Amino acid sequence: MKREQLEVDVLFVGAGPACLSAAFYLSRLVSRHDREVEAGTRPGPPLGEQLLLVVEKGKEIGSHALSGAIVDPRAFRALLQDLPGAEPPLDVPVRKEDVLFLTKRRHFRLPVIPPPLHNEGNHVASLGKLVKWLAGLCQDHEVEVYPEFPAVKLLLEGNRVVGARMGDRGLDANGQPRSHFEPGTDVLAKITVLGEGPRGTLTRQAEEQLGLDRDGGPQLYSLGVKEVWRVPGIEPGRVCHTLGYPTGTREFGGGFIYTLTQEQVHVGFVVGLDSRDPREDAHRLLQEYKQHPFVRRLLEGGRVVSYGAKAIPEGGYHCMPRAYADGLLLVGDSAGFLNPARLKGIHLAIESGMMAAEAAFEALVARDYSAARLKRYADLFEASEARKELHSARNFRQSFQRGFWTGVLYNGLQTLTGLGWGGVWKTVPGHERMERMSDSAAAGALTEPADGELTFDKLSDVYLSDTAHEEDQPSHLKISDLELCRDRCREEYGNPCQHFCPAGVYEMVQDGDRPRLQVNFTNCVHCKTCDILDPYQVILWTPPEGGGGPDYKNM
Ligand code: SF4
């Protein structure tokens, strides 16, 4: 099969805030360099036109973008410093904030908001809108941005990354070419920047093949599920974070309610993907959460308009991989740039993009794309505000692996004293903590029927995510041992994929006299939970044909 090749200078994989900021900032650095060379204020030849390309698997830019989201605008100030008048769409400033502890029927307002959760000066925003805006900025500055271009394979020459292969188009369900078959292009680049979000396909290949080790053990994840409601008369700029009900103190988790303009309420629940309960189900927890009197009251008179889910990398400072190699940089969630104590990562993603852009720029000037040159990225990080922030919250999530109250105590003391203790706390990957059904004391309640007004079943919610995949294509969820699912996993864990998948993709069905795992891959909202949490690690999430997946609007 002959594949087309496309040569670019820098390839950015994933149109999230990290890659888009990196591409935009790099294009500014290149043009400033050439202007200064021309004016004689900088030595050396000009770089000339650099081909910078951002590829994105979603149908449109923003289709796969989902976050809470409260944004610390400090990164935008730095990113846009020489572009006066550029105003990112930060929806509304935070005007009122509360942290609440919920019991089943009551709520208690914390008298003092823990400092990491202070949001004065921050904005409630939609990540979808932000990335669309950033993509426009990129295009205005000669960066190419291609949606429906899923990168499926890292291209290597020895240990040097030389680009990425894009996915094929037009394969049928058996993997055979259909009449409109097109092999995916090989995009060859001097530097490849991966900003694929959590548990990225190429990032995983890079970690496995290049050994981008972490000090503190594997990345820790949570899953966030979220609905957008339209509620007349709601006051914009209100932020509530809650602890307690429905997870209580048995799991790491909590809820959030943010109000935006245009009568929007974003209501969501986040739960650790290291629960001991094999029946943990973030979608069910969100439905229970909305039934709490405090939350129910806020949603009264409204209607749900959108739904989505996404994994969140929460291991923090100690779980960040080495983020550079020959020809390679990792940015944003792919490199663990998220502060779990502040529940924020967008500003850190942008800052990581800017630092990666500086390192890539210097490499382009020196015509040296080696790891030794690109290590500049790590040096910039070491001296940065981002490092200071992440280091101050090191062990945040790790401490909760030792129990809810240990986490509360550790982080309370850390906040009060400004110190962190215990060096590097090693993480245990979520799937290794899951208990077998026979040992599981934490029996999550099974789903109650949804009422269709306040609570919804998974399929009704998936409908609101506008998820679609071409049906006649190979499933992008690769399960290496279906017999293990049918026999051992059913017996030992009760097929937890049926519970943890927030889109109802996995179903045990009766096939004659035997059960069988049915995979409804067209429902997949690309949250990556199955790849992370499957107890036997037999599920591999891979990118489907370009454009498949959710089509989030303003999530
Ligand atoms: Fe998430 Fe996997 Fe379900 Fe897709 S199949 S929605 S990635 S858990």
Residue list for the range 500-516, filter: in contact (Cβ under 8 Å) with a residue 24 or more places away in the chain and either of a type in the set (Gly, Ala, Ser) or more than 10 Å from the ligand (Cβ to nearest atom) (or both): Ala503, Gly504, Arg514, Pro515, Arg516
Quick check on the range 531-555: of everything there that is more than 12 Å from the ligand (Cβ to nearest atom) and of a type in the set (A, V, I, L, M, F, W, C), which residue is surrounded by the most Cβ atoms within 10 Å (Cβ to Cβ)? Met555
Search result, residues across the range 1-15 that are of a type in the set (A, V, I, L, M, F, W, C) and surrounded by fewer than 24 Cβ atoms within 10 Å (Cβ to Cβ): Met1, Leu6, Val8
Identify all residues within the range 167-192 that are free of Cβ contacts under 8 Å to residues at least 12 places away in the same chain and of a type in the set (S, T, N, Q); write none if there are none. Gln176, Ser179
Residue in the range 31-77 that is nearest to the chain's Cα centre (by Cα), counting only those that are among the small types (Gly, Ala, Ser) and in a helix (DSSP H, G or I): Ala75
Report whether or not Val519 is within 23 Å of Glu314 (Cβ to Cβ) and within 10 Å of the ligand (Cβ to nearest atom). no
How many residues are part of a strand (DSSP E or B), crowded, with 22+ Cβ neighbours inside 10 Å and in contact (Cβ under 8 Å) with a residue 40 or more places away in the chain if we restrict to the range 243-263? 4
Taking the range 285-320 and keeping residues of a type in the set (Ser, Thr, Tyr) and either in a loop (DSSP other than H, G, I, E, B) or within 16 Å of the ligand (Cβ to nearest atom) (or both) leaves Ser306, Tyr307
Test: Lys528 is away from the ligand (no atom under 15 Å from the Cβ) and within 28 Å of Ala65 (Cα to Cα): no
Look at the range 304-331 and say how many of its residues are touching an Asp or Glu at 6+ places or on another chain (Cβ under 8 Å) and over 27 Å from His283 (Cα atoms). 3
Do you know which residues across the range 168-216 are more than 26 Å from Leu51 (Cα to Cα), in a loop (DSSP other than H, G, I, E, B), under 22 Å from the mean Cα position of the chain (by Cα) and among the charged types (D, E, K, R)? Arg199, Asp213, Arg214, Asp215
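Taken together, the values in this text are just the output of simple stated rules run on the coordinates, not laboratory data. It should be emphasised that the depicted structure is a prediction, and the values quoted were computed from it without experimental measurement. Every residue, glycine as well, gets a Cβ built from its backbone with ideal geometry; the counts of neighbours run over all protein chains shown.
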